[in-house]
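The values are calculated or read from the model by the stated rules, or taken from the named source; none is laboratory data. Here the structure is a predicted model, which is why all the values come from computation and not from measurement. Cβ coordinates were reconstructed from backbone atoms using ideal geometry, including for glycine residues, and neighbour counts include every protein chain displayed.
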Amino acid sequence: MGQSTLMRLRLSVAALMLLPTFAYAHVGVGHTGIGDPSGFLHGLTHPTGGLDHICAMLAVGLWAAQMGGHSMWAVPLTFVGVMALGGALPMLGIGLPFVEQGIVLSVLLLGVLIVASVRLPLWLSSGMVGMFALWHGHAHGAEMPELASGIGYALGFMLATASLHIAGIAFGLGMQRLARERVVHFAGASIALCGVYLAVA
């Protein structure tokens, strides 16, 4: 077994051992927000606190980089914009069905799209990530600390999400320049497997 193969195996095992710890970001329900009245820091850390959100946000960036062209900026911007709308829904007392299931589906499906290098028309890819963004945004909004500012909290989770998108795009473009598309496919497969784990956990 080569050193690179052995290293990948070790990283995979380490990631699997961490899955139970980071499986869900949804742990802040009922928090008062004391010490962060603006809500910005809570919003900034919420998307990065769980495997479900991290995988989906990185996947959007990776897939956008794969598709290239206008999709590289339009798809992530659609996600961030629609996610803000989804975050406002619970603040207005509007519920959304199947939020947890939708989040898991987004992780699984985005991973599969990356593995298969699927390139969809811009309107369809944007519409798909927009649907996923509603679920993710609703989860963020539903867990806003009680005393936090809605605007500050929303700005925080939008910034965190955009940063994860940018990281995914940068990684995808970097692998393209190095002609390492297989690495992107491996990343997509890992994301899809995380979706499977989240579905059965």
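For the structure I just gave you, tell me whether Ala187 is under 15 Å from the mean Cα position of the chain (by Cα) and part of a helix (DSSP H, G or I). Against the criterion (under 15 Å from the mean Cα position of the chain (by Cα) and part of a helix (DSSP H, G or I)), Ala187 qualifies.
Applying the condition of being within 13 Å of the chain's Cα centre (by Cα) and among the polar types (S, T, N, Q) to segment 132-169 and asking which residue is surrounded by the most Cβ atoms within 10 Å (Cβ to Cβ) yields Thr161.
Is it the case that segment 84-107 has a residue that's among the polar types (S, T, N, Q), out of contact with any Asp or Glu (no Cβ under 9 Å at 6 or more places or on another chain), crowded, with 21+ Cβ neighbours inside 10 Å and modelled with pLDDT of 95 or more? No, segment 84-107 contains no residue that is among the polar types (S, T, N, Q), out of contact with any Asp or Glu (no Cβ under 9 Å at 6 or more places or on another chain), crowded, with 21+ Cβ neighbours inside 10 Å and modelled with pLDDT of 95 or more.
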